[in-house]
1. Scan region A:150-172 for residues that are crowded, with 18+ Cβ neighbours inside 10 Å and either within 7 Å of another protein chain (Cβ to nearest Cβ) or modelled with pLDDT under 95 (or both) and jot them down.
2. Looking at region B:68-120 only, could you name the residues that are surrounded by fewer than 18 Cβ atoms within 10 Å (Cβ to Cβ) and within 16 Å of the chain's Cα centre (by Cα)?
3. How many of the residues making up region B:143-177 are assigned to a loop (DSSP other than H, G, I, E, B), surrounded by fewer than 24 Cβ atoms within 10 Å (Cβ to Cβ) and at the interface with chain A (Cβ under 7 Å from one of its Cβ atoms)?
4. Could you check region B:98-142 and list, in sequence order, the residues that are within 8 Å of another protein chain (Cβ to nearest Cβ), among the hydrophobic types (A, V, I, L, M, F, W, C) and in contact with a strand residue (DSSP E or B) (Cβ under 9 Å, 6 or more places away or on another chain)?
5. Return a yes/no flag: does region B:208-215 have any residue that is within 13 Å of chain A (Cβ to nearest Cβ) and in contact with a Gly (Cβ under 8 Å, 6 or more places away or on another chain).
6. Taking region B:182-192 as the search range and keeping residues that are in a loop (DSSP other than H, G, I, E, B) and crowded, with 24+ Cβ neighbours inside 10 Å, which one is nearest to the chain's Cα centre (by Cα)?
7. What is the number of the single condition among (1) within 21 Å of A:H115 (Cβ to Cβ); (2) free of Cβ contacts under 8 Å to residues at least 40 places away in the same chain that B:E277 does not meet?
Amino acid sequence: MFAFIEGVGLAGPGLRGWQASRSIFAGKQAYSRAPTTVAASELLPAAERRRAGVPVKLALAAGHEAIANAGRDAAATATVFTSSSGDCDNLHYILEALATPERQISPTRFHNSVHNTAAGYWSIAMQCRAPSTSLCCHDASFAAGLLEAVSQVAVAGTPVALIAYDHPYPEPLNSVRPIHGDFGMALLLAPQATERAIAALDVAFMPQEMEASRTADPGLEALRTGVPAARCLPLLAALARGSRETVILEYVAGTHLRVAVTPCL
Amino acid sequence: MQPLAISRYSIVNCLGAGLRAVADAMREKRSGLAPCDFETVKLDTHIGRVRGLEALPVRSDLGAYDCRNNRLAQLGIELDGFAGAVSQASDRYGPARVGVFMGTSTSGILETELAYRRRDPRTGALPPDYRYTQTHNTFSLADFVRRYLGLQGPAFVVSSACSSTAKVFGNAARMIAAGVCDAAVVGGVDSLCLTTLYGFHSLELTSRGPCRPFDAERDGLSIGEGAGFALLERVETRPEAGAIPLLGIGESCDAYHMSTPHPDGLGAMSAMRLALETANLAPADIDYVNLHGTATRTNDAAEDRSVWELFGGGTPCSSTKGATGHLLGAAGITEIIISILAIEHGLMPGSAHTRRIDPAMRSNYLIEPRKARVRRVLSNSFGFGGSNCSVVLGTAG
């Protein structure tokens with residue numbers, strides 16, 4: 001299945017946007033880890049801005065950067081959101097409240113507990129009524145999102161914004177499911193090669209054992225293995241290098257995705 | 001889109017286990033809702049509970065996945081010859097050519113709710129027997145189903161609240177059209193848990209008695225649980241299946257509010273229009289609309305408005321949530337299967353517990369079941385986050 005990347009968005013530890021991070025991925029600048037910084041999106045109405053948790057901010061920041069880089073209209077672009085866990089802080093508060101005798105949970109916390117919270121806030125922020133889906137595939141959530149997004153581009157023939165994000169759980173869930181940092185990324189995928197296309201992707205599902213691509217830098221590699229959404233890093237590195245490469249992403253239970261990246265000149 | 005054969009399907013919810021039980025309940029207009037007696041929940045509300053799950057652990061080789069949600073999945077898979085049909089499809093196409101696209105909203109969160117009561121008083125740690133990945137994680141359901149059925153194709157969970165298990169039909173249709181797989185197991189499960197019971201209560205959206213969709217005095221929803229599964233294949237490879245084809249699917253967002261539908265039902269209308277467009281049909285081609293019809297004041301009013309705008313006041317429609325309760329993430333697959341039963345049995349379901357239709361409603365709402373030829377059905381599923389999905393089933397053209 002083919003798709004063309006027109007825009008990339010990124011918000012991660014020491015990775016402040018795609019433009020600022022390209023030289024790190026290309027090996028021209030050292031990677032140094034620093035806390036992820038994302039502001040509450042100005043695009044959200046005041047009430048929604050107050051209610052938005054970190055995962056929503058990650059998704060909005062990355063998605064907005066990718067759409068802006070591609071020069072696309074967010075209101076008319078379909079979206080695929082993918083996350084291994086959703087809003088982990090919010091969930092923890094609900095679980096703590098349910099373990100008390102009163103069991104009082106706030107209505108806002110409850111509606112923010114759905115896995116498609118980021119998609120809901122995005123649609124409100126962007127006034128977007130286009131189709132949207134929200135996926136989970138545990139550690140392989142990025143690969144699942146890429147497969148779904150590219151299949152939409154290939155079958156529906158319309159552009160799709162893929163937005164992947166993850167945020168750590170507080171304790172005690174952090175101990176049983178550690179996620180090592182805040183990470184959000186987005187790709188604007190289009191069916192045809194426009195003048196904005198950065199690279200062409202050919203994505204294939206491979207039901208077999210393969211060796212997943214890694215990142216050369218030890219810091220980035222720790223990020224890749226520490227945060228499910230950061231499993232995209234070898235693909236971002238290939239895009240930053242601007243070379244023809246094949247990236248292997250681990251998918252579910254021993255299966256993989258083979259992603260052939262061809263830069264557009 | 002290319003129609004897909006829904007070559008086998010199975011269902012379980014508070015009406016009973018299997019297609020026969022649900023079809024009988026529809027004919028008799030029976031409801032499975034009863035006063036809430038789940039766990040230690042003390043809420044004055046009715047629920048649609050599946051009895052006996054406590055005594056039905058999951059298959060021992062998958063014991064790590066044992067939780068209420070996966071127990072319901074197993075129960076559903078083993079009904080109506082579903083597991084056997086998947087096994088034949090796996091032999092026909094190869095296990096790596098059969099995808100698994102599941103929907104759930106809360107997965108096995110009940111396990112975590114219970115574990116939070118058993119935290120170490122000194123360290124706060126969760127009990128050592130708690131298994132996050134196999135129970136709580138949203139992907140747990142698809143992981144379990146894929147392993148249970150021995151499939152090796154692409155898999156993921158769609159979790160878009162109450163539209164989840166309608167939307168998976170779209171994922172499967174795209175994956176099959178793109179050639180990533182030849183067949184797909186779709187559907188999903190939601191099971192009773194404290195998060196949704198107390199959560200909907202906090203929003204003042206739960207009814208005290210059994211829910212009464214489209215009733216003038218409706219006062220909220222009744223939460224239910226259940227599972228439903230469907231096997232999708234290309235029509236041309238399964239002409240003998242004689243199944244009800246999936247004709248179209250439409251997905252949209254409200255872009256309005258996280259938990260309140262757009263008052264004019266704009267997102268809902270757009271999903272229904274897209275579903276008809278992909279099916280290459282006009283509103284007049286639809287014989288019956290299975291509504292989302294949660295029995296909240298806002299959902300039913302907005303949905304009535306959008307259905308009336310699109311179909312006018314002639315097309316019969318009803319919500320079956322007075323019978324099943326709102327199965328949340330499993331509502332889509334449940335009502336798609338109920339729609340298939342409507343076509344097969346020539347029976348448009350009535351609306352259990354609805355006494356007097358809200359005079360403000362303008363669509364042709366059925367309180368009593370109606371015997372009639374049903375060729376094509378449109379089924380609606382809407383969720384939090386303004387996530388809408390409509391599915392069209394039946395004979396093409």
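1. Once the filter is applied, which keeps residues that are crowded, with 18+ Cβ neighbours inside 10 Å and either within 7 Å of another protein chain (Cβ to nearest Cβ) or modelled with pLDDT under 95 (or both), region A:150-172 yields A:S151, A:Q152, A:A154, A:V155, A:P172.
2. Passing the criteria: none in range.
3. 1
4. Hits for region B:98-142 are B:F139, B:A142.
5. no
6. Among those that are in a loop (DSSP other than H, G, I, E, B) and crowded, with 24+ Cβ neighbours inside 10 Å, it is B:S191.
7. Against the list (1) within 21 Å of A:H115 (Cβ to Cβ); (2) free of Cβ contacts under 8 Å to residues at least 40 places away in the same chain, B:E277 comes up short only on (1).
This table checks each residue for (1) touching a His at 6+ places or on another chain (Cβ under 7 Å); (2) under 21 Å from A:L58 (Cα atoms); (3) within 14 Å of chain B (Cβ to nearest Cβ).
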residue: A:P178; (1), (2), (3): no, yes, yes
residue: A:Q192; (1), (2), (3): no, no, no
residue: A:V203; (1), (2), (3): no, no, yes
residue: A:P207; (1), (2), (3): no, no, yes
residue: A:G219; (1), (2), (3): no, yes, no
residue: A:A222; (1), (2), (3): no, yes, no
residue: A:E245; (1), (2), (3): no, no, no
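The values are calculated or read from the model by the stated rules, or taken from the named source; none is laboratory data. No experiment lies behind these values; they were computed from the predicted model shown. When we count neighbours, we look across all protein chains shown, and the Cβ atoms used for this are built from the backbone with ideal geometry, even at glycine.
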